[in-house]
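Heads up, the thing below is written out as structure tokens.
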Amino acid sequence: MSKLYTNNTFSQKLYDGCEFAYQIQKAYFSKMKEFLRALGVKTPMSAAVSTEFLADLKSVADELDFTAENFYWDHPSFEEGKLWKDPYYYNNTNQLKDDSLITFMPFTSILKWKDKPLVIREWAVPWPNSYRGASILEVVSYGSLQDFDCLILFSYRANKDIDLLREFSFQADIPVWGLMGICAKIFLNEDIGKAKNKINLLYKKEDLFYPGSALNILYKLSWITQMENASLNGPVSEDSSIKFKKSGFDLKNLEIKDLVFKTFKNKYLENNIYLSDTKEIKKDLNQGKIEVNAPKVSAIAGDLSKETALGALKSNTITPFGTLMAVSLDNKNLNDSNYFLIKMTTLAENSNQLFYKDINSFYPQKYKLINRGNSPITTLGEPSQIPTTIFWKGRKIFEIFLKNGSFELIFDQDKWLFACDTPGIKVKIYPDFEKTKITAYFYDNLSSIFMNNNSEFNYPAYCKYLEITLLKKIKNTGGGPISPYILLNLLQEFNL
């Protein structure tokens, strides 16, 4: 019997039953794969099984091409006997403030087996969770750190209600889908680095066939470095120390979990803030935010109440929650890039949406979705007296007097493109040019041009985007030149 789990009350018969089930399922996968290959099926094969039972996962890893599973945070709950029927209930919590084993990283890291690809075949923090907009940066950041092979957002709806927010439909959800393109670019280009080290969890036979949940405190180390499971062949080493090797960390005996955790805590976990071993990703449980400071990406998601300073990017905002990203688009480091994007997204709701705690409901401690609402979708953008201010390499370049809402800029040499989903908002730009030409492009395919010498304007209604051409360069008096173009790929995310 396993000595790994302190609350182990299972009988030996359950261990034997778990091993028997593993052998039966492994044989089934082997025969099914052989049958499908004989039919001419060439695609990679996998199976979705239990996330927490090692024997279940190992049967897939042993016989199929990759491991795969789903991850959902704040999945809806239902009243007894009313599965998938109104009303829906949610916790409406921010997973960036949570360090439990069911958050994205510990929960999915148990799926990774040595030398086997891993696909997160479905993931979502569904609407109407108010904090879902921070999820995409977290998933992409830690998916990159762990070197996951594929991340699939569930889902994109194209048949009905396409202009509304729904539980698992993100095609019109600006805080999530509005970042999908740039986050896909980050993931595919490996702009956030994989972990420098790797922990191989070498399981003994009696641990592999433990008939309970195998999620344990060690998997929290996935916020720090790469994790993968493996079977231990041969006798267990009596040495319970952590041996650092060139290829990473090898754990010979899982009974040392407390020692391992304390060892990492001294370096990568202080005051409830996890730092990756690449030093590019920081998860702050106190504020409920994640920060990324990589050569080609500077980003923050979650609590925006404090000033952000990440690499070349510095910002402050009155908006309390959202995602702010600066991403290189020319494959150069941000400090050297002449073509880069700055984008901010915050919230999104359906008009007339009703979502709150009802102490007289079936789940009085949860939020109840009273009314899904209707179109149009709103990002709750409104004018503010205090601007969101963007600094680049120590120099103020942009102010927008907006609370919530969303905006996007792309900088390329002496042109900018700028878009905002909230009309009438005051904007100030601070280029090192004394004269600008601004061309406004509207949804009816009309355009208008106006000259601007003071670089202050209000964002026009029904405007798709502004093209800002910098005409006359000011003599550089220090602080470094900045040459921006806001070339914007709006797609369908600004549904004005």
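The values are calculated or read from the model by the stated rules, or taken from the named source; none is laboratory data. Quantities reported herein were computed from a predicted structural model and do not represent experimental measurements. Using ideal geometry, Cβ is built from the backbone for each residue, glycine included, and neighbour counts are taken over all protein chains shown.
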Could you grab me the full set of residues in the range 90-115 that are surrounded by fewer than 20 Cβ atoms within 10 Å (Cβ to Cβ), touching a residue at least 40 places away in the same chain (Cβ under 8 Å) and farther than 23 Å from Ala134 by Cα?
Lys114
Inspect the range 313-321 for any residue being within 17 Å of the chain's Cα centre (by Cα) and outside the structural domain of Pro76 (by TED's automatic domain parsing) and give the result as yes or no.
yes
Those residues of the range 280-302 which are of a type in the set (A, V, I, L, M, F, W, C) and either in contact with a Cys (Cβ under 8 Å, 6 or more places away or on another chain) or part of a strand (DSSP E or B) (or both) amount to Ile281, Ile290, Val292, Ala294, Val297, Ala299, Ile300, Ala301
Single residue of Ala184, Ala230 found to be touching a Lys or Arg at 6+ places or on another chain (Cβ under 8 Å), surrounded by fewer than 22 Cβ atoms within 10 Å (Cβ to Cβ) and small (Gly, Ala, Ser)
Ala230
Restricting the range 303-312 to residues that are assigned to a strand (DSSP E or B) and not β-branched (Val, Ile, Thr), which is nearest to the chain's Cα centre (by Cα)?
Asp303
Checked the range 140-170 for anything in contact (Cβ under 8 Å) with a residue 60 or more places away in the chain and under 21 Å from Thr278 (Cβ atoms); matches are Ser141, Tyr142, Leu145, Gln146, Asp147, Asp149
Among the residues that make up the range 303-321, is at least one of them touching a residue at least 40 places away in the same chain (Cβ under 8 Å), crowded, with 21+ Cβ neighbours inside 10 Å, of a type in the set (Val, Ile, Thr) and touching a helix residue (DSSP H, G or I) at 6+ places or on another chain (Cβ under 9 Å)?
no
Scan of the range 401-430 for residues that are surrounded by fewer than 24 Cβ atoms within 10 Å (Cβ to Cβ) and in contact with a Cys (Cβ under 9 Å, 6 or more places away or on another chain), ordered by number:
Ala419, Pro423, Val427
Cβ contacts < 8 Å: first residue of a type in the set (Gly, Ala, Ser), restricted to the range 259-284; second residue modelled with pLDDT of 75 or more and assigned to a strand (DSSP E or B), any location; separation 6+ or different chain. Result?
Ser276/Lys282
What do you reckon, is Ser46 among the small types (Gly, Ala, Ser), surrounded by fewer than 16 Cβ atoms within 10 Å (Cβ to Cβ), in contact with a strand residue (DSSP E or B) (Cβ under 6 Å, 6 or more places away or on another chain) and at pLDDT 95 or above?
no
Could we say that Asp16 is within 29 Å of Thr103 (Cβ to Cβ) and surrounded by 12 or more Cβ atoms within 10 Å (Cβ to Cβ) here?
no
Quick check on the range 110-127. Is at least one of its residues among the aromatic types (Phe, Trp, Tyr) and over 25 Å from Gln171 (Cα atoms)?
yes
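Residue-wise test of (1) without any contact (Cβ under 8 Å) to a residue 40 or more places away in the chain; (2) within 20 Å of Ile318 (Cα to Cα).
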| site | (1), (2) |
| --- | --- |
| Ile397 | no, yes |
| Lys403 | no, yes |
| Ser406 | no, yes |
| Phe411 | no, no |
| Lys426 | no, yes |
| Pro460 | yes, no |
Out of (1) of a type outside the set (S, T, N, Q); (2) closer than 25 Å to Tyr462 by Cα; (3) more than 28 Å from the chain's Cα centre (by Cα), the odd one out for Leu402 is which?
(3)
Take the conditions of a type outside the set (D, E, K, R), surrounded by 13 or more Cβ atoms within 10 Å (Cβ to Cβ) and farther than 30 Å from Leu221 by Cα and apply them to Phe29. Does it pass?
yes
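Conditions (1) of a type in the set (Ser, Thr, Tyr); (2) modelled with pLDDT under 95; (3) more than 24 Å from Met105 (Cα to Cα); (4) touching a Phe, Trp or Tyr at 6+ places or on another chain (Cβ under 6 Å), marked per residue:
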residue	(1), (2), (3), (4)
Glu270	no, yes, no, no
Ile300	no, no, no, no
Lys306	no, yes, yes, no
Met325	no, no, no, no
Asn333	no, no, yes, no
Ile342	no, no, yes, no
State whether the residues of the range 125-135 include one that is surrounded by fewer than 23 Cβ atoms within 10 Å (Cβ to Cβ) and more than 21 Å from Arg372 (Cα to Cα).
no
